[in-house]
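Beneath this line is the structure, given in structure tokens, with notes to follow.
The values are calculated or read from the model by the stated rules, or taken from the named source; none is laboratory data. The model shown is predicted, which means the values in this text are computed figures rather than measured ones. Don't worry about glycine lacking a Cβ; one is built from the backbone with ideal geometry, like all the others, and counts go over all protein chains shown.
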């Protein structure tokens, strides 16, 4: 937990005194003016709490703390003030720019108590972000990785494009990146209602009969239904429902929404999932982008542009290698499906090797044969020729 | 919709009327004319997001009232209105943590609105964490567990079955963070992803395992922990998963010195619930399952075993289930439990015995049925009327 405190006061004796009495419980930094304080935030931040004196030459406590709101919005602000400035401090608290103020002289026990409350407040303010961006995202990632191992035919699709989704969202300057990543990871969960025979046909690019097609196209709606009641995932659920919707209003669901009325998460999913299918179908990136441009009525032009820019910037180059199972390394990408000796797809191409997957393959090989060698892509550095 | 309920407590009716008139368009306003009345209102119409109390009132004063509110409704954000003379008391109350904010009279509507908005945001923050852990995180993990259970029933249907029982046992034992227990149970089997299907099947049908198979199986708790490493807030569940197969006397895996109450409580719950589920599936009766566990008491925490016994006594009193044969999938009731495995025509396990029918599994079942031949009737357990 972050227990970093920044103390700002123009009186160096006061700073030294507080530092002595507080350093056992907190990580203390000090600054002797508002300017120095701002510098310290830049160099040593983020701080959980900033404590500033009110009366200081050049920049007073209120001005200094107002500036820290921009550079360190989550940091909790506390002011030390004399009786004469009491009303200014009370107003600042009630306007929401200060968490607390303390009257001088302030005994160290009182300061400690208030700092503990400040650290707790910082935890509260940052907990939400941490829970959404790390705990929730991390848990869903672990489970969707397992899904893609258990059933590569249905779920490797989403794990392959999750990084791409985030990059596109960054280019579009979207705020809640965690939503994009989770929407991608959960995009295929509705496929659990689709019989595996249909998913396999789809995966191998075979045509579906009308009845099968109908079942398959129900998966975005089924995916939405699975998560629509989870608080905070309402927008993710909507995005998943619109993953097969075309920008011009065609596709699934068959409602009137078109263009920017379609949730942006849905528009992103449509573009990156199609892109991935085209790559899986044997096209190069350039060919895939060109095919998408030919059908540009289906895609948001902004997103198509972001996808293209991403391709030109991502200059990583790969080399195809043939390896045995025990030679697999974390980070290698499978270039051709890994098959059991009986022809079952164990890992689909495009999947990245992690420790768990490698272990599973080693254990599997012990019981059943695996077709070896395995073709993998290994990164050989950026900006050289691209291989496919 | 977020809770926007604000209660004002003041002995001056004119002030209450003015506040109500000015604020009712933006907040849900309640009023009370004394501390005692305020407490009653909280009991009847709570929870409130914010309470604003006057300081000087006959009977309970503002500080006394808000101290009581801190006990009965700890999440409600507390604000006090005070005159200049009582300011020092208010400042102290803020700094000692019993007040969020105080306002000095007279105060402008603008200032009051500022403070109310700050207080509502504070209430949202306090509850956001709980909602995220209890609903968003648990809900997501549960949904994905259901999907894993459908795709790979021999490995993952088990974790769904034990999650609600584990939570109930934890609640009987007085544990606080029930979401941790639920998540630990749901994620307990993820390490099995490295164990070949053949080995897992042998384990469930109680066949002998070779040494190499045993060592593969013994690794799954450790792999589960590795998979969760680095996810903040899941340190507790990860540790419980690591020790889920360890016996109370210290034997079993992982092979270290921990034993007894040094083992995480959630791990001790998982250990007992795991065997209970396995024995219940094979014996068909809760009593026999618990009797068998008592014969190997060294494996389990006695308090967990007692809680299990109490739980069983409670849910099954006067409650019997019968097997019903169903010929049309549309008639399978959501919430009923499969009495037999459902296999595909090629003998692949589609749904295991013990699977609880959900909307989504019903949909998958009906899609599969419409394409492939599956033996009907389907046999399910339902509560006897």
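Below is a table of values for the structure above.
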read-out: Scan of the stretch B:84-99 for residues that are buried (at least 20 other Cβ atoms within 10 Å of the Cβ) and either in a loop (DSSP other than H, G, I, E, B) or touching a helix residue (DSSP H, G or I) at 6+ places or on another chain (Cβ under 7 Å) (or both), ordered by number; value: B:93, B:99
read-out: Residue A:60 in contact with a helix residue (DSSP H, G or I) (Cβ under 8 Å, 6 or more places away or on another chain) and closer than 21 Å to residue A:119 by Cα; value: no
read-out: Matching option when the condition is within 30 Å of residue A:279 (Cβ to Cβ), within 11 Å of chain B (Cβ to nearest Cβ) and without any contact (Cβ under 8 Å) to a residue 40 or more places away in the chain, among A:139, A:97; value: A:139
read-out: The stretch A:226-240: number of residues that are within 17 Å of the chain's Cα centre (by Cα), in a helix (DSSP H, G or I) and surrounded by 22 or more Cβ atoms within 10 Å (Cβ to Cβ); value: 3
read-out: Which listed residue is in contact (Cβ under 8 Å) with a residue 60 or more places away in the chain and surrounded by fewer than 17 Cβ atoms within 10 Å (Cβ to Cβ), from B:2, B:11; value: B:2
read-out: Members of the stretch B:148-163 that are free of Cβ contacts under 8 Å to residues at least 60 places away in the same chain, buried (at least 21 other Cβ atoms within 10 Å of the Cβ) and facing chain A (nearest Cβ under 9 Å); value: B:148, B:152, B:155, B:156
read-out: Residue ID - surrounded by the fewest Cβ atoms within 10 Å (Cβ to Cβ), chosen from residues in the stretch A:114-134 that are at the interface with chain B (Cβ under 7 Å from one of its Cβ atoms) and farther than 30 Å from residue A:180 by Cα; value: A:117
read-out: Selection count, the stretch A:347-371, where residues are within 11 Å of another protein chain (Cβ to nearest Cβ) and either closer than 15 Å to residue A:146 by Cβ or assigned to a helix (DSSP H, G or I) (or both); value: 14
read-out: Residue list for the stretch B:105-117, filter: at the interface with chain A (Cβ under 7 Å from one of its Cβ atoms) and either free of Cβ contacts under 8 Å to residues at least 12 places away in the same chain or farther than 12 Å from residue B:52 by Cα (or both); value: B:111, B:114
read-out: Single unsatisfied condition, residue B:244 versus (1) at pLDDT 85 or above; (2) crowded, with 17+ Cβ neighbours inside 10 Å; (3) within 17 Å of residue A:139 (Cβ to Cβ); value: (3)
read-out: Qualifying residue in the stretch B:169-176 (condition: within 14 Å of chain A (Cβ to nearest Cβ), assigned to a helix (DSSP H, G or I) and at pLDDT 80 or above); value: no
read-out: Meets criteria (assigned to a helix (DSSP H, G or I), in the same structural domain as residue B:304 (by TED's automatic domain parsing) and modelled with pLDDT under 90) for residue B:291; value: yes
read-out: Filter result for the condition that a residue is at pLDDT 90 or above, part of a helix (DSSP H, G or I) and in contact with a helix residue (DSSP H, G or I) (Cβ under 6 Å, 6 or more places away or on another chain), over A:223, A:266; value: A:266
read-out: Within the stretch A:184-211, tally of residues that are closer than 17 Å to residue A:223 by Cβ, in contact (Cβ under 8 Å) with a residue 40 or more places away in the chain and either more than 12 Å from every other protein chain (Cβ to nearest Cβ) or touching a strand residue (DSSP E or B) at 6+ places or on another chain (Cβ under 9 Å) (or both); value: 2
read-out: Subset of the stretch B:64-83 (residues that are within 14 Å of chain A (Cβ to nearest Cβ), part of a loop (DSSP other than H, G, I, E, B) and either crowded, with 16+ Cβ neighbours inside 10 Å or out of contact with any helix residue (DSSP H, G or I) (no Cβ under 6 Å at 6 or more places or on another chain) (or both)); value: B:74, B:83
read-out: Residue among B:201, B:182 that is loosely packed, with under 15 Cβ neighbours inside 10 Å and closer than 19 Å to residue B:148 by Cα; value: B:201
